[in-house]
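Below: the structure, in structure tokens.
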Amino acid sequence: GVNNAGEPPFEIRGFSLGNLVVAAGVLVTVFSFAEYLSSNGSDGPTLSGLGFVYGLPIFLAGAALKYAEIEPVPCISTPAAERIFEDKATEIIAKIKQDVTRHRYGDEAHLDTTVKKLGLVVPGKAYPQLRELREDTTPEGELAFTMVWQSLDTPYKMWAEEKRRKRYETFFGPEVGAEVVKIDAEQRMVGIRLTTGGALSDEYIAEKMAKEAAEKAAATA
């Protein structure tokens, strides 16, 4: 199922740990320098010596965290989806939202192991990058949860293969339907849309595929 490599033993939300450590390193170094200037000429060790010893390593540690940092993705939700999320969201959907809406460190991308397990990483190419989440409701009152990726190297047809689409339903399941949505062809944005309430019917998929084929034929005519 869904996971990320290197799950942390604790979770920090609302701010960047890298920014915090960088700021701490700068503050320690500046304070030490100021203390050194004010005590210039005094005998014996001072706090400035300790500050210079620890300030720079703290700053470098923060810079390393910033380099390995993945920003949280935004979640665009309608009021109706917000009202039903707690009741309708499956455990996996809730876990995905919790994971990707916080800073992560050391991964290739949000849900990197997920896209790799699903065969959506072209060998030697960059991972698809998760850009946002979208939450909406279906006419039947179910939750629609869309993960939107920018997929510069993995073609849309790989995402939309019917065999792979069915795998999305079991991988992100149970009790969800899955479909692939073309968000923005120019920006290479593609979405996996999960809906609660069970797998999508064959009739729905056949109708959608026929509609997409007609749209493609009209575009090339």
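Straight-line reach from Lys208: which lysines have a Cα under 25 Å away, not including same-chain ones fewer than 8 places off?
Lys88, Lys157, Lys163, Lys166, Lys182, Lys216
How large is the accessible surface of Asp202 in square angstrom, using a 1.4 angstrom probe and rounding to the nearest 10?
For Asp202, the solvent-accessible surface is approximately 110 Å².
Would the range 119-221 count as rounded, prolate or oblate if I go by the C-alpha gyration tensor, calling it rounded below 1.5 in a/c and otherwise prolate when a/b exceeds b/c, oblate otherwise?
Oblate, since a/c reaches 1.5 and b/c is not below a/b.
Along the Cα→Cβ direction, 7 angstrom out, place labels at Ala218 and Thr170. What is the inter-label distance in nm?
3.6
Can you pull the accessible area of Leu60 for me, 1.4 Å probe, Å² to the nearest 10?
100
Tell me, what is the 1.4 Å probe accessible area of Ser201, in Å² to the nearest 10?
Ser201 has an accessible surface of roughly 60 Å² with all protein chains in place.
With a 1.4 Å probe and all protein chains left in place, how much of the accessible area of the range 164-208 comes from carbon and sulfur atoms, in whole percent?
47
Are there trypsin sites (Lys or Arg not before Pro) in the range 102-186 that DSSP puts in a loop and that have at most 13 other Cβ atoms within 10 Å, and which ones?
Those that pass, being in a loop and sparsely packed, are Lys125.
The values are calculated or read from the model by the stated rules, or taken from the named source; none is laboratory data. Bear in mind the structure is a predicted one, so any value in this text is a computation, not a measurement. Neighbour counts run over all protein chains shown; Cβ positions are idealised from the backbone, glycine included. To get the accessible areas, we keep the full protein, side chains included, count just its heavy atoms, and leave off ligands, DNA and RNA. Shrake-Rupley method; radii C 1.70, N 1.55, O 1.52, S 1.80 Å.
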